Amino acid sequence: MSIRLEDFPNELLLNIFRYVDTRDLFYGFWQLNQRFNQLLQSLKKLVLIIEKSESKLISIFGCQIYKVIVDTCLDINFMKFSYLHSIVLYDITETDLTQIRTKFMPYLAYLSIPSNNQS
């Protein structure tokens, strides 16, 4: 008897998804079927590390992202992260700074801008 992943109950899948990287969830499970899409859209407190352009992923999961770590010089539209509680910006741009306002990020509780000590 073989069991397929899609035969698992929603509760078990949601528990498994908690341990999988947001990017891997998106590229591995998004658009497999309607059930997986709905499960992914129900996830909360997702963490995203941005190292390259992730516009499609952000447009789908942006409102579910709890923490974002930006390790690139790309301009990121933080307006899409309506649930954001924590931001870590390694390569900050002026655009990034102008977007970070409590008016647009009511849940933001933590902001870190580590210094780049390259001598």
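Computed from backbone phi, the HN-Hα couplings of region 56-69 come to 5, 4, 5, 5, 8, 9, x, 6, 9, 6, 8, 9, 10, 10 Hz, rounded to whole numbers (Karplus: 6.51 cos²θ - 1.76 cosθ + 1.60, θ = phi - 60°; Gly and Pro given as x).
If a spin label sat at a point 7 angstrom from the Cα of Gln34 along the line to its beta carbon, no backbone N atom of region 1-18 would be nearer than 16 Å.
Given a Förster distance of 35 angstrom, what is the FRET efficiency for Leu5 paired with Ser82, based on the Cβ-Cβ distance and rounded to 0.05? According to the calculation, E is roughly 0.70. Asp91: net charge of surrounding residues, Cβ under 13 Å, Lys/Arg +1, Asp/Glu -1, itself excluded? Local charge sum for Asp91: -4.
Values quoted throughout were computed directly from the atomic coordinates according to the rules given, and no laboratory measurement underlies them. Keep in mind that this is a model prediction, so the values were computed, not measured. Every residue, glycine as well, gets a Cβ built from its backbone with ideal geometry; the counts of neighbours run over all protein chains shown.
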